[in-house]
Each structure stands twice: as C-alpha cells, then as structure tokens.
Amino acid sequence: MNRLVLVLVLVASLVLTAGCIGGDFEGLGVELDPDVEETDADDTGDEILASSVEAAQDAETYTVDADSRMAVSVSSFFSISVPLEANGSFDRGVDEARVDAEGEGEVEALVFFTNRTAFDTTRYVSDGTTYTRKAEDGAEVTDGWETADGGVDGMNLSLADTVSLYEDADAELEGAATVDGDDAYVLSLELDPADVGDHSERVTDAYGPDTLEGGDDESAEDEQALDDMTEGFDAYLWVDQETREPVRLSYFLSVEFEAEGDDDALISVDTDGKGEFFADLRYGYGDVNVERPDGVDG
C-alpha cells in the first residue's frame, strides 16, 4: 500500500473509532500559477529537463530552503495540519550535510478542541552516518542523537532525493521567469501523484513531529489507489538558463477519499475526507559550510 494512502486510512480509522467532531476543512489555500514570460528557447521541455537532471548529478555543494505543508480532514470530524520550514547545506565531496527544520503541527478534534505542537528537527550526515535529533514543545523526544546508515544523497531534501521524483517525467516548457535574479526556464511536469504523495509524507516523517512518523503496514485494508483519489495536481520546475541547474521545484496535490463506518464505533456511517499536500523547494549552488551539531562525535 502506498504510504500516503496508509496515512489517510489511519486518520479516517482514528476518527471513526474515536467519534471526534471538528470544523470544516479549510485546506492550505495554495494555488500554483507561475508568472511566466514567453521564451525563444530552442530546446523542448524534455530536453531542458534532461540537461537539468545531469547538472544536478554533477553538483557538489548546494543549499536548500524548503516550505512543506500537509493538511488532512475527515468530513467535519477531525483535521490535522503540519506546516514546516527547513534549510540545509550539502557537500557531496566530503559526504556531509545538515538540515534544520521547524514548524507547528495542529490537531483539531471537537469544534472546541485544538492541540498545537511546536517541533524542531536537526538531521546531520557525515561519513555514511545520519544523525537525527527531534524536540517537541522544547522537550527532546529522541534519545539523544539517533543514528542510522545513510549518506548525503539518501537524505530527504537532498538534490538526489528530489531529482528522483521527476527525472523520468514528461516536461513541457511553459516560459521563462527569474529566480533570485537569475533567468530560468519554467517547466510543467507530469508526475505520478502517488510518488508526489510519498515524497510529501517522507519529508514530514523526516522533519515533522515525531508522533506523526508513518510506516508501512501490509495488514491495513486496501483502499482506493491514490490516483483515483486525486482531485487536483500541479508540479513545476525552474531551471537556470545558463547552468541548467534546478533552482526551484513546487508541487500541489489535493485528494478526496472515502472511509467506511464501523458498527462498533461511535460513528457507524460512511464519511469522506480531503487532503492537500504542498512543497516549494529552492536550491542554491556554490561554496557551503556544513556545521557539525553540538554533541555529534567526530
């Protein structure tokens, strides 16, 4: 089962068994509509995309600034939202990277009950080891620095991770725009919504509240495929006209899903739900200084 589908199913199951009552789904208020100008580029969108993938693979040092948001609601019973902002520096030459993220998750259950959790996360990679530390409302929720195998390219929000999302996509050249003062081509991308949903969930898992971390559950009842749930989807890539490096990626995915009631639950009727997932990732290139966090040995 796709991990995002599993998240939607689990949220729906929580609502149907707990009998929560909340407000209407407000969504993220996001609409992707890039402001572009005409361009006389000779290359097609697919050709620009291919050269951008190659340039990204050659990049040794770069930074990322990320704005990632998700919101899920089941009818008027329950809603959850997780906005986060992250910034990071990556040096592939020495296999070192660091990403710092923060945000505030919100859960609404009952029209008069809202719980907010401020969180911050630091992930650091050095010599094939990934170190992670998370805190919620100022209290550490990890046991010091948790470690796992993994290099720079395997890190969420790394160029390699982001490029894997769109490297095989079909691309159409929409026009030209500027990003941080530099001329860029703007491409619209045809992506698999399931891949985009999985990317959004992995970012939230990596950098969001520890209590929202997901996982595969092969025993969960299969629901609609994410493709069937999709109500709206847009994805755009900005590519530097001179260097062909990817400088910005934005996507927005909206879904609607159904959840069956349970005779043993407080709410036994069938209901529906909605979810929205957004990301805006901006990459910069040049020398970086990856700062080793306090408490990491080395």
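Taking a point 7 Å from the Cα of ALA41 along the Cα-to-Cβ direction, the residues of region 162-195 with backbone N closer than 13 Å to it are 171-179, 183-189. Annotation for ASP228 and ASN87: the two label points, set 7 Å from Cα along the Cα-Cβ direction, are 4.5 nm apart.
May I ask you to compute the full-extension gain from ASP183 to ASP210, defined as 0.36 nm times their residue separation minus their alpha-carbon distance, rounded to one decimal in nm?
5.8 nm
Counting 0.36 nm for each residue step from THR129 to VAL141 and taking away their Cα separation leaves a gain of 2.3 nm.
Every number here is computed from the coordinates shown, using simple stated rules; none is lab data. Everything numeric here is computed off the predicted structure, so don't read it as measured data. Don't worry about glycine lacking a Cβ; one is built from the backbone with ideal geometry, like all the others, and counts go over all protein chains shown.
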